[in-house]
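The values are calculated or read from the model by the stated rules, or taken from the named source; none is laboratory data. In this text the structure is predicted, and so the values were computed from the model without any measurement. Positions of Cβ are generated from backbone atoms using ideal geometry, with glycine treated the same way; all protein chains shown enter the neighbour counts. Calculation scope for accessible area: heavy atoms of the full protein, side chains included, ligands and nucleic acids excluded. Shrake-Rupley method; radii C 1.70, N 1.55, O 1.52, S 1.80 Å.
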Amino acid sequence: ICTATSFSGSGENLTRTTPLSHRNLVMNGKFEVFQRNLPGSQISVNAGNNFYCMDRWYGRGESSKGVFTFFQQDIQSEGQGAHAAARVQVTTASGTPSTDDVYKIAHRMEGVNVRHLCWGTSGAKTITLSFLVKSSVQGTFGGSIMNSAQNRAYPFTYVISGTGWEQKSITIPGDTGGTWVVGTGIGLELNFDMGTAESNYRRPAGSWYAGRAEGADGTVQLVQTNGANWYVTKVQIEEGSYSTPFENISFPENLSICKRYYEAIGRGASQYMGNGWYYNSSQFFCVIRFEVEKRSTPSLDQNTGTSFFIIWSDNSSDPFNSFGGLSWANTRAAAFYTTSGVSGTSGHCGGLGTNHGDAFFAVSSDL
């Protein structure tokens, strides 16, 4: 029996309130799942849209003055306990961002996964954000946590002092104000600022702000430096006032979690996708049940071209260029149809597949 005579620290490890597993609220924090694109693909981020890259992560540029590429970087030889990182590379320097200019990468968390934080109430819980980061530009960088209405935000800062990997940890008090979605919408958004306008969407770090803030005042604007590179991996958000080692989950589990939001059904040539039937001589339908129930009724995502897809029926093949859409869909399944040049016998069945190396077919219900 050992009797303690003194104590130090918060004692949170002795009375742990967060789970030992599934404590990381960030999905695909090591950027390993990459369903939308082939590994090595680079997404060009400029103006006006959310450009999704690795699953659950997107880049955004709300001005065309600057452009950066967003892609998966192989770092398995760098000894950081991660196979991949997200890489931002500035390909067109913006000059000084102004007015409504926003450049960032971001991750959105579904409300049902963060509602236990009780934000917007007197019982709001503290969280800690941690990540590994490196950059070709040094200095104080920024980011933020924000709600779906973009009227509550917590800007934060972190310092990059060298060119190698650096571990960062930022504790954020729970927000007792504002409205935070607890359903299937955007419950919480994590932003890493790559160069937001100082005047509009940056605010002082370290406190809650009743408005939109993508980053913190006075921090590095990466998009001003042509050829600059910034990397991040092992991103984790957990309940509590301190960070724990990154929670590693298996790749199959990580992939399954991501498929709630996006599911690739077929890619490349000669990929079988399911069985269907000719509704009439020029229409083919195929019902596909999803591997994972979706967050909401999904939409179709496809890469199309001449004879990209094919139907095998009646001992022959019937190639076509694209799907017309979904004739019906819910969170568990959808009926895909095409009227794009198919020709068959009404009532006959057929197997549906891909027919070209660049063919791609998926459904999305991402946030």
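Annotations
- If you filter region 304-351 down to residues that are among the hydroxyl-bearing types (Ser, Thr, Tyr) and assigned to a strand (DSSP E or B), you find that the one that is farthest from the chain's Cα centre (by Cα) is 316.
- Check on residue 230, open to solvent by 10 Å² or more (accessible area, probe 1.4 Å), more than 30 Å from residue 297 (Cα to Cα) and of a type in the set (Phe, Trp, Tyr): no
- Residue satisfying all of: in region 297-319; in contact with a Leu (Cβ under 9 Å, 6 or more places away or on another chain) and open to solvent by 70 Å² or more (accessible area, probe 1.4 Å); nearest to residue 344 (Cα to Cα) among these: 312
- In region 79-130, the residues that are among the acidic types (Asp, Glu) and crowded, with 16+ Cβ neighbours inside 10 Å: 101, 110
- With respect to the conditions (1) closer than 17 Å to residue 223 by Cα; (2) open to solvent by less than 40 Å² (accessible area, probe 1.4 Å); (3) outside any strand (DSSP E or B), residue 54 lacks only one, and its number is (1).
- Only one of the listed residues (148, 161, 98) is of a type in the set (Gly, Ala, Ser) and more than 19 Å from residue 214 (Cα to Cα). That residue is 161.
- Yes/no for residue 351 being at pLDDT below 95, touching a Ser or Thr at 6+ places or on another chain (Cβ under 8 Å) and over 28 Å from residue 84 (Cβ atoms): no
- Test for residue 26: is it within 22 Å of residue 187 (Cβ to Cβ), in contact (Cβ under 8 Å) with a residue 12 or more places away in the chain, out of contact with any helix residue (DSSP H, G or I) (no Cβ under 6 Å at 6 or more places or on another chain) and part of a loop (DSSP other than H, G, I, E, B): yes
- Any hit, region 283-290, residues being under 23 Å from the mean Cα position of the chain (by Cα) and under 20 Å from residue 35 (Cβ atoms): yes
- The condition of being at pLDDT below 95 and open to solvent by less than 60 Å² (accessible area, probe 1.4 Å) holds for only one of 140, 196, that being 196.
- Scanning region 62-97 for residues that are in a strand (DSSP E or B), free of Cβ contacts under 8 Å to residues at least 60 places away in the same chain and not hydrophobic (A, V, I, L, M, F, W, C) gives 62, 69, 72, 74.
- Considering 334, 329, the condition of being open to solvent by 20 Å² or more (accessible area, probe 1.4 Å), in contact with a Pro (Cβ under 8 Å, 6 or more places away or on another chain) and modelled with pLDDT of 95 or more is satisfied by 329 alone.
- Any hit, region 352-366, residues being surrounded by fewer than 15 Cβ atoms within 10 Å (Cβ to Cβ), within 25 Å of the chain's Cα centre (by Cα) and on the phi < 0 side of the Ramachandran plot: yes
Each row is one residue, and each column tells you yes or no for (1) in contact (Cβ under 8 Å) with a residue 60 or more places away in the chain; (2) over 30 Å from residue 79 (Cβ atoms).
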| position | (1), (2) |
| --- | --- |
| 185 | yes, yes |
| 189 | yes, yes |
| 203 | no, yes |
| 208 | no, yes |
| 225 | yes, no |
| 242 | yes, no |
| 261 | yes, yes |
| 285 | no, yes |
| 289 | no, yes |
